[in-house]
Protein chains: 2
Amino acid sequence: MALELISSAKCYNGVQKVYKHVSSEVGCSMNFSLYEPSSSTPGETFPVLFYLSGLTCTEQNFIQKSGFQKYASEHRLIVVGPDTSPRGCNLPGEKDAWDFGEGASAYVDAVKEPWSKHYRMYSYVTKELPKLVSDNFPTSGKFGIFGHSMGGHGAIVCALRNPHLFLSISAFAPITNPSITSWAKDKVFKNYLGEENKELWASYDSCELIKGYTGPPRDILVDQGDSDEFLLQILHPENLIAAAGQSPHHVKLTLRMQPGYNHSYFFVQSFIGDHIAHHAKILCPAKYQDKPKNTPHEK
Amino acid sequence: MALELISSAKCYNGVQKVYKHVSSEVGCSMNFSLYEPSSSTPGETFPVLFYLSGLTCTEQNFIQKSGFQKYASEHRLIVVGPDTSPRGCNLPGEKDAWDFGEGASAYVDAVKEPWSKHYRMYSYVTKELPKLVSDNFPTSGKFGIFGHSMGGHGAIVCALRNPHLFLSISAFAPITNPSITSWAKDKVFKNYLGEENKELWASYDSCELIKGYTGPPRDILVDQGDSDEFLLQILHPENLIAAAGQSPHHVKLTLRMQPGYNHSYFFVQSFIGDHIAHHAKILCPAKYQDKPKNTPHEK
């Protein structure tokens, strides 16, 4: 799996790179972004935080618009952002809609033709990409994951289904309960997974996964703008809160409704620092432990 | 001069807006971005920092990619970013090159046909836009200006020629000495100003303006990446340093060569916080004065 570096720019003392490689999971060429902090000591390794983007995005939106590099540099995390879907596979209808096909993988492994050969973003994100990054970059072996909108959905799903792979989770304005949306019922789940496979649908639904979660304790941070134009139609944060309330196994959800914010990267950038800090505290805990206080010397 | 709000998004507690208006100076519809911090007290006013973008940009690049909003919110500045040129004026050749015509005004007032009617960005930036902003937003009356590349050139030129209008100046990778570049000699100055008008060229050349500057003392902050792909061809920071050395009238230049950085917004975002702080210290000095130290009570 050869990596081709297609761009590189110094940013906040680290380097923002974009790589291209031929993916065995999705069967085509894929781009991903990778931010690497500068090493302060020889042989330094870094935790890796994966970021999944939303509908219509490529690997570029997040690296251009979120301003995450400042915080990744400060907290010393590698941050990796894949493209949102396979591209150029010449499948019928792959370019016909903004919320289906290219740019709209829903981060599932499709089982229906003609999508099943290429639309395997779940396996790409949870298997191929972590291995590729581990094999080629100085990682500490600790991974976290976050994302925005469709990518927030992907992040929570990938993390709850792989609790020993992803140790930290957060999301901006995630699609929390896709099974009940017309997006899934008329488009992505129907076509990628099949109308009849409702158990398979549930395995890609954050609300269903939280209720059934039996892994180690998890703190999930979610920010949601209350002026988000997609709030009522597709995001359903109230369902995620309800599902977390039914979680028997230690999923602690901190969902912050942020007054006045919409769905854009102007919202994401406003809280990106909080999210990176959330992951850093879990992925590099030694740095954040309380230092022992000086006790006054008594005579 | 009616303003039409064309987009608005909350960002770091303030609001990132884009307005459209019909400009009398350039004779067409113009967009500009305006970030307004949230008011902490009724009737609060803010200094205004103008940002001029580089070649090919619109008013969007800076607001999407620089991450300035965090710092503008913290330092409580209104930040205004105009488009880089008139658009849609149907002038012959206006769309033929990336570095001439649309997106490449050079921030001059053209005197040659067919450009002289519309390509009046110098007057737009130094007269119409400051008045428009003052008339419509809660400004303190103190203005600063900065920019990137062609916009860094524009910022230094506009500020040194209008020292009582713009009190603070900085630039990222500015075109410092356009008169000696083929960009000016073959394209912008030749066509907008005329080959024969060398005095007019000098009035739009930062190096010439610094040498002849007689206004109040000015501290100019400039950051320049040493891996900038345009460094040798068009930027010439060494000429700006030499010119500042010949300045008889108090232009203090702090030019930081930043190792490894290129010309992109990955470079701009890495130092945007320093630039906003530079302007804030000049535009709102009361906030940054050293507070009197507590003296220990002696018995």
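The values are calculated or read from the model by the stated rules, or taken from the named source; none is laboratory data. What you see is a predicted model; the values in this text were computed from it and never measured. All Cβ positions, even for glycine, are placed from backbone atoms using ideal geometry, and neighbour counts span all protein chains on display. Side chains included, ligands, DNA and RNA excluded: accessible areas come from the protein's heavy atoms. Shrake-Rupley method; radii C 1.70, N 1.55, O 1.52, S 1.80 Å.
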Between 0 and 90°, nearest 10: helix A:150-161 axis offset from chain A longest Cα axis: 70
Proximal lysines to B:LYS142, defined as alpha-carbon separation beneath 17 angstrom and excluding residues fewer than eight positions away on the same chain: B:LYS127, B:LYS131, B:LYS281, B:LYS287
Alpha-carbon centroids, the stretch A:1-57 and the stretch B:1-48: separation in whole Å: 36
Nonlocal amide H pairs with A:LYS10, under 5 Å, H built at 1.01 Å: A:GLN16, B:ASN262
Rounded tilt (10° steps) of A:265-283 against the dominant C-alpha axis of chain A: 60
Rg/Rh (Cα only; Kirkwood hydrodynamic radius) as it applies to the stretch A:1-109: 1.02
Rotational relation A to B, axis-closest Cβ in chain A, residue and distance rounded to whole Å: A:GLY67, 2
Cα→Cβ-extended label distance, 7 Å offset, between B:HIS250 and B:ALA202, nm: 2.4
Charge dipole (the stretch A:4-288, unit charges on Cβ, about Cα centre) - positive-most of A:ASN197, A:PRO217, A:GLY260: A:PRO217
Phi-based couplings in Hz for the stretch A:164-172 (Karplus 6.51, -1.76, 1.60; Gly and Pro marked x): 8, 8, 10, 8, 9, 9, 7, 7, 9
Cα centroid of the stretch B:227-268 to Cα centroid of the stretch B:270-288, whole Å: 19
Computed FRET value (nearest 0.05) for A:VAL111 with A:PHE230, which takes r as the C-beta separation and R₀ as 22 Å: 0.25
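At a threshold of 8 angstrom on Cα-Cα distance, excluding pairs fewer than six apart, so keeping six or more, what relative contact order does the stretch A:202-275 reach in percent?
Answer for the stretch A:202-275 is 42 percent.
If we sort B:170-177, A:120-127, A:28-35, A:100-107 on the protection proxy, mean other Cβ atoms within 10 Å, highest first, what's the order? Working shown, then result.
Working: B:170-177: 29.1, A:120-127: 22.6, A:28-35: 20.5, A:100-107: 24.5.
Answer by packing, highest mean first, reads B:170-177, A:100-107, A:120-127, A:28-35.
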Tail fraction, Cα-Cα pairs, the stretch A:79-135, threshold 16 Å, whole percent: 41
Ordering of B:86-92, A:37-43, A:84-90 by packing [mean C-beta count within 10 Å, highest first]: A:84-90, B:86-92, A:37-43
Burial of 40 Å² or greater, the stretch B:250-278 residues [accessible area, probe 1.4 Å, versus chain by itself]: B:TYR261, B:PHE266, B:GLN269, B:SER270
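For chain A, take the alpha-carbon Rg, divide it by the Kirkwood Rh, and send me Rg/Rh.
0.98
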Cβ-derived FRET efficiency at R0 56 Å, A:ILE241 paired with B:GLU238, nearest 0.05: 0.40
Centre separation in Å (Cα based) which lies between the stretch A:164-192 and the stretch B:65-89: 35
Long-range HN-HN contacts of A:ALA110 with modeled amide H, under 5 Å: A:TYR119, A:ARG120, A:MET121
Bins of 10 Å from zero: percent of alpha-carbon pairs in the protein assembly as shown: 3, 16, 23, 23, 18, 12, 4, 1, 0
Candidate lysines for bridging to B:LYS95, where Cα separation is under 16 Å - those fewer than 8 sequence places away on the same chain excluded: B:LYS187
Under 5 Å, built H, 5+ apart or other chain: amide partners of B:TYR51: B:VAL80, B:GLY81, B:PHE146
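Need one number: % antiparallel among DSSP beta bridges in chain B, to the nearest 5.
Expressed as a percentage, antiparallel bridges in chain B total about 45.
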Whole-number percent relative contact order across chain A, with pairs defined as alpha carbons under 8 Å at least 6 apart: 16
Spatially proximal aspartates and glutamates relative to A:LYS117 (Cα-Cα < 18 Å; intrachain offsets below 8 disregarded): A:GLU25, A:ASP83, A:GLU94, A:GLU102, A:ASP109, A:GLU128
Derived scalar couplings ³J(HN,Hα) [the stretch B:118-131; Karplus, 6.51 cos²θ - 1.76 cosθ + 1.60; whole Hz; x for Gly, Pro]: 10, 7, 10, 5, 4, 5, 4, 6, 9, 10, 5, 5, x, 5
Cβ crowding within 10 Å averaged over residues, with B:63-69, B:112-118, A:211-217 ranked highest first: B:63-69, B:112-118, A:211-217
